[in-house]
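Read the structure below first, then the notes.
Derivation of every value follows stated rules applied to the coordinates shown; laboratory data play no part. Keep in mind that what you see is a predicted model, and the values were worked out from it rather than measured. Here the Cβ positions follow ideal geometry from the backbone for every residue, glycine too, while neighbour counts run over all protein chains shown.
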Amino acid sequence: MNGNFWLETLNLWFPLGLLVVGYGFGRWQERHHYRSIRLRERALRHVVALNTRYVPEGVDATGARLVSGSVVISSDYFKTFVAGFRAFFGGRFRGYETLLERARREALLRLKLEAQRAGSQLVIGVRFESTTVAGSSTPSVEVMAFGTALFTPR
């Protein structure tokens, strides 16, 4: 066996090894993030966020304030690699769907947290805006949630 054989073997296995490591770490990070999201959703379930444009009937609002939450989340290398094949053959980008779901839920949690800190438990007119972040080698998405926090007498 000569040195070229080992070098060629390394050139083949090294990228595959990086994919496996990227897959494992990406899955771990995603599971960790979802666990954190679920815990915070339970903690903030008393802050109600609605997409209605008007103050709900029976709510006596004494004040209002704009609240928002935003997040930028990046995809991992493995999902980016698989998406390349998906783009070639067609089909759903499930990896990117979870990326968008995590970003949307995280932005909503940050909006609710801001409303809670301001002393509100009701947010109306909740809307989402999203955009891709350019200039990165892996796909990244920014999601912003915004709405009107209403203040009610206690």
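Extension gain, TRP28-ARG65: 0.36 nm per intervening residue step, less the Cα-Cα distance, totals 9.6 nm. Compared with the alpha-carbon gap, the fully stretched path from THR52 to LEU39 is longer by 2.1 nm at 0.36 nm per residue. Once backbone amide H atoms are built at 1.01 Å from N, ALA64 has PHE151 as its partners under 5 Å, excluding neighbours fewer than 5 places away on the same chain. Label sites at THR132 and ASN4, each approximated as a point 7 angstrom past Cα along Cα to Cβ, lie 4.1 nm apart.
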